[in-house]
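Undergrad: Here you go, one structure.
The values are calculated or read from the model by the stated rules, or taken from the named source; none is laboratory data. All values derive from a computational prediction rather than experimental measurement. Ideal geometry is used to build each Cβ from the backbone, glycine not excepted, and the neighbour counts take in all protein chains shown. These area figures cover heavy atoms from the full protein model, side chains too; ligands, DNA and RNA do not enter into them. Shrake-Rupley method; radii C 1.70, N 1.55, O 1.52, S 1.80 Å.
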Amino acid sequence: APDPSPAARLPFPQDFGWGAATSAYQIEGAAKEDGRGESVWDTFSHAPGRIRNGDTGDVAADHYHRYAEDLDLMRDLGLRSYRFSISWPRIQPDGTGAANQRGLDFYRRLVDGLHERGISPMATLFHWDLPQALQNTGGWESRDVAQRFADYAAILFDALGDRVPVWLTINEPKTVVQNGYLTGHHAPGLRDPDAAYLVAHHLQLAHGLAVRALRETSSTGRIGPAFNLHPCYPADGSPAAAEAARLYDGYENRIYLDSALKGSYPEDVLADLGPDSRMVRGIRDGDLEIISAPVDLLAVQYYTPIYVTATGSTVRRWPTSEAEWQQIYPDGMYDILTRVTRDYGPIPLTVTENGLPTPDVLAADGTVEDTGRVTFLRDHLAAAHRAVTDGVPLESFHVWSLLDNFEWAEGYDQRWGLIYVDYATQRRVLKRSAHWYRQVIADNAL
Ligand code: GBH
């Protein structure tokens, strides 16, 4: 089909931050190098039966050694922003104490390499790889870990604060709560609802303490939280479904949004947890003030909607991707961006993750035809564009992910990248979607 005429295209704001995202444990490998300590994900992935095919992040996409090549690929794509995460156990092998210089050096090389290529670094402080030593003393169930996190963050602000313009504190606290402590599908693999929401509180506290730590430096860098938000819709028109969807939204979204941006936990969730819950008992005077330390931007990650029935169970309404939890619903992107602007704004927004897994194969002619990813991204970017047109202050968009990588409990089975990784050789191949994205960036339009 011929290209749509330029007039029919959807132009994005000037200087829009076209980006892609990754996280440390999912791409770096080099698990024992340069003094890196162990994280809960090393322990979890090496425990039998936890990860599909027994995969681990020991080697992953070997990005620790191949970062220069990966930086060149980012430049080839024309990326303007790259979101990565910093591995806490590379910086503090045991989670406390002096910084490991070799760990800091890696991220300094990475950040400098981004600047040399005209790409803006966006650093996530924590993308789930808690030092195992801190897990051994209680992990996120221990309030003390929030202060340890602020100390770790201060090391990074000191070392990199002059060259990282945007910091994100904690990637998806909800996923740590739900997968780490409710389903047990992620590290540390527990199933303990009472512990789970205390963990939520401590993650939020850690976020706020890190924001305060940045403000104590002279850095001009901006900082905010990174939440994966699920629009929760009633599955039918009954009042009971509407009420159930509202409570579901409290647990999925408002517990994080309200505490960080309004300084209070949602009353319906607190009532549902009850006064005897470990979380409610764990909230101390002054905590909400810390948690709601003013932030500079809000990072939104959108993958799927949730449809809630009158009994509080969930049903599917749209086709799913290879990830059975993901329903493909681009309008959810519009709904969530306009909703956070309405309820919590105006605040600058960045989309820090959006994407899907596809059954990619490297063909004999060297191409990877991931047309499903092109359609998905086009539809979700069109929905984001519609939100911008309606006044949402969206400044950047990051595809999850730059590279195929270790998809947590799914191991290497699910491929989420714009760039294919042939794990046997670590060769990188731009997929159809990468070529498409490069053109979108060059045009600054869909
Ligand atoms: C993001 O999580 C992560 O930030 C990123 O690291 C990850 O690679 C990416 O998405 C793709 O998944 O196993 O049935 O209990 C997105 C939110 C939360 C979605 C956990 C999958 C597991 C569902 N994820 N959830 S299940």
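Undergrad: How high is the relative contact order of the chain? Use alpha-carbon pairs under 8 Å, at least six apart in sequence, and give a whole percent.
TA: Values: 924 pairs, mean separation 81.1, N = 446.
Relative contact order for the chain comes out at 18 percent.
Undergrad: Express the carbon and sulfur contribution to the solvent-accessible surface of region 111-237 as a percent, rounded to the nearest whole number, probe 1.4 angstrom.
TA: Values: 1850 of 3930 Å².
Summing carbon and sulfur atoms, their accessible area is 47 percent of the total for region 111-237.
Undergrad: Have a look at region 1-109 and give its Rg and Dmax from the Cα atoms, expressed in angstrom.
TA: Considering region 1-109 through its Cα atoms, Rg and Dmax are 18.6, 60 Å.
Undergrad: Could you give the length gained on full extension between Arg143 and Asp76, defined as 0.36 nm per residue of separation minus the Cα-Cα distance, in nm? Provide the component values of the computation, followed by the final result.
TA: Values: separation 67, 0.36 × 67 = 24.12 nm, distance 4.41 nm.
Separation in residues times 0.36 nm, less the Cα-Cα distance, equals 19.7 nm.
Undergrad: Quick check on region 240-308: take the gyration tensor over C-alpha atoms, sort the square-rooted eigenvalues as a ≥ b ≥ c, and tell me if it's rounded (a/c under 1.5), prolate or oblate. Walk me through the numbers on the way to the answer.
TA: Working: a/c = 2.64, a/b = 1.15, b/c = 2.30.
Oblate is the answer for region 240-308, as a/c is 1.5 or above yet b/c matches or exceeds a/b.
Undergrad: List the residues of region 167-208 whose backbone N lies under 19 Å from a point placed 7 Å from the Cα of Glu289 along the Cα-to-Cβ direction.
TA: Hits in region 167-208 for Glu289 at 19 Å: 202, 204-208.
Undergrad: Where only protein heavy atoms count, and the probe is 1.4 Å, what is the accessible area per residue for region 64-178 in Å²?
TA: Numbers: 3530 Å² over 115 residues.
Solvent-accessible surface per residue comes out at 31 Å².
Undergrad: Tell me, how many Å apart are the Cα centres for region 299-320 and for region 95-173?
TA: Centre-to-centre (Cα) distance: 32 Å.
Undergrad: Provide the packing ranking of 272-282, 42-52, i.e. peptides ordered by the mean count of other C-beta atoms within 10 Å per residue, highest first.
TA: 42-52, 272-282
Undergrad: Build a GNM of the chain with springs between Cα atoms under 10 Å: which of Gly19, Gly345, Gly37 gets the top mean-square fluctuation?
TA: Gly345
Undergrad: Run through the DSSP bridge list for the chain and note the antiparallel percent, rounded to the nearest 5.
TA: Values: 9 of 44 bridges.
If I count the DSSP bridges inside the chain, around 20 percent turn out antiparallel.
Undergrad: Which of Arg80, Arg339, Arg254 moves most in a GNM of the chain, Cα contacts under 10 Å?
TA: For the chain, modelled as a Gaussian network with Cα springs under 10 Å, the answer is Arg339.
Undergrad: Below 24 Å, Cα to Cα, which lysines can Lys174 reach? Residues fewer than 8 away in the same chain don't count.
TA: Hits, sequence-local ones excluded: Lys262.
Undergrad: Per residue of the chain, what 222 nm ellipticity follows from adding -39500 (n - 2.57) for every DSSP H run with n ≥ 4, rounded to the nearest 500? Provide the component values of the computation, followed by the final result.
TA: Numbers: 16 runs with 171 residues, N = 446.
Roughly -11500 deg cm²/dmol at 222 nm, from the helical runs in the chain.
Undergrad: With an 8 Å Cα cut-off and a minimum separation of 6 or more residues, compute the relative contact order for region 362-446 in percent.
TA: Details: 79 pairs, mean separation 28.3, N = 85.
Averaging sequence separation for qualifying contacts and normalising by length gives 33 percent for region 362-446.
Undergrad: Could you pull the accessible area for Tyr307 with a 1.4 Å probe, rounded to 10 Å²?
TA: Taking all protein chains as shown, Tyr307 has close to 10 Å².
Undergrad: In whole percent, and with a 1.4 Å probe on the protein chains, what portion of the accessible area of region 315-391 is carbon and sulfur?
TA: Answer for region 315-391: carbon and sulfur cover 54 percent of the accessible area.
Undergrad: Run the numbers on region 147-200 and let me know its relative contact order in percent, using alpha-carbon pairs under 8 Å that are six or more apart. Working shown, then result.
TA: Working: 37 pairs, mean separation 11.5, N = 54.
Relative contact order for region 147-200 comes out at 21 percent.
Undergrad: Same structure again: Counting Lys and Arg as +1 and Asp and Glu as -1, each charge on the Cβ, what is the dipole of the chain about the Cα centre in debye, to the nearest 20? Could the numbers behind the result be given before it?
TA: Details: 41 positive and 60 negative charges, 97 e Å.
Dipole size: approximately 460 debye.
Undergrad: Could you compute the net charge surrounding Val166? Neighbours are other residues with a C-beta less than 11 Å from the C-beta of Val166; K and R count +1, D and E count -1. Mind showing how you got there, number by number?
TA: On the way: positive: Arg83, Arg222; negative: Asp296, Glu395.
After counting each charged neighbour, the total is 0.
Undergrad: Now for a separate question. Please report, in debye to the nearest 20, how large the charge dipole of region 74-148 is about its Cα centre when each Lys and Arg carries +1 at its beta carbon and each Asp and Glu carries -1 there.
TA: Working: 10 positive and 8 negative charges, 51 e Å.
My answer is approximately 240 debye.
Undergrad: How much of the accessible area of region 1-84, in percent, comes from carbon and sulfur atoms when a 1.4 Å probe is used? Could you put the intermediate results ahead of the total?
TA: Numbers: 1870 of 3710 Å².
Roughly 50 percent of what the probe reaches on region 1-84 is carbon or sulfur.
Undergrad: Dipole size in debye (nearest 20) for region 169-237 around its Cα centre, Lys and Arg Cβ +1, Asp and Glu Cβ -1?
TA: On the way: 5 positive and 5 negative charges, 59 e Å.
About 280 debye.
Undergrad: For region 215-356, what does the accessible surface come to per residue with a 1.4 Å probe? Please give it in Å². Spell out each step's value before the answer.
TA: Working: 6080 Å² over 142 residues.
Result: 43 Å² per residue.
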